[in-house]
Amino acid sequence: MKIVHVGEPVLRQKAQPLAAAEISSNSTRKLIERMRETMRDAPGVGLAAPQIGVSLQIAVIEDLAEYHKDASREKLAERERKAVPFHVIINPKIRKTSPQKVEFYEGCLSLPGFSAMVPRAHHVSVECLDEHGKPKVIEASGWYARILQHEIDHLLGTLYIDRMNSRSFSSLDNFSRHWKDKSIKEARAALRLI
Ligand code: ZN
């Protein structure tokens, strides 16, 4: 599936929640399958249905260990990034967020070629349904909490550029050249954010 890019109106709409009957339908099963393939092809750690032009409250998430192989142990530890198996969230609601915010660079498949520092809650509690319509509560912290907040934002028509520290906005080339190996503290100082 083609991933739609920033400027496409569907990325700014509030996606429709799914009714119980829709969740178990063949078309939803197929949509989830296509979303999983599209996320893996990209590759990305999350994909929301609006990103393939479908205004429904569904997102898929998967953070494979193989995506971490180029990152240092320190970097993974600092981000609290661990592998997250494939799963589907439907009609998600963030019920609780920790007051503690953490700031890291993140990107989005709908804004290819860019990255920016985005403050996010360190911990979230999310209520949602799985692909079988079964209610579940997800308690997440660190990078997984960031992925959840990013994907749930998509379902509400919000993009990371709405929350980013705009002085940190960078092309991916320049991110690799100037910011990737800096700590957030060093990056903030270089960007004159302190
Ligand atoms: Zn995104």
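Derivation of every value follows stated rules applied to the coordinates shown; laboratory data play no part. Since this is a predicted model, take the numbers as computed values, not measurements. Glycine also receives a Cβ, built like all others from the backbone with ideal geometry; neighbour counts cover every protein chain displayed.
General observations
- Around K30: net Lys/Arg minus Asp/Glu count, Cβ-Cβ under 15 Å: -1
- Degrees between helix 26-41 axis and first principal axis of the chain (Cα, 0 to 90, nearest 10): 20
- Rounded FRET efficiency, nearest 0.05, which uses the C-beta distance separating H132 from N165 and R0 of 35 Å: 0.35
- Cα gyration tensor category, rounded, prolate or oblate, for the stretch 89-143 with a/c compared to 1.5: oblate
- P(r) tail fraction, the chain - alpha-carbon pairs more than 29 Å apart, %: 20
- Those chymotrypsin sites (Phe, Trp or Tyr not before Pro) in the stretch 83-190 that DSSP places in a loop and that have at most 13 other beta carbons within 10 Å: none
- Selection among L148, L172, S183 by position relative to the dipole of the stretch 146-186 gives S183 as farthest towards the positive end (Cβ unit charges, Cα centre).
- Low-density loop cleavage sites - trypsin sites (Lys or Arg not before Pro) in the stretch 104-148, where at most 14 other Cβ are within 10 Å (DSSP): none
- For the stretch 1-63: rounded, prolate or oblate by the Cα gyration tensor [a/c cutoff 1.5]: oblate
- Other residues within the sphere of radius under 13 Å centred on the Cβ of K69, judged by their own Cβ, net out at 0 (K and R +1, D and E -1).
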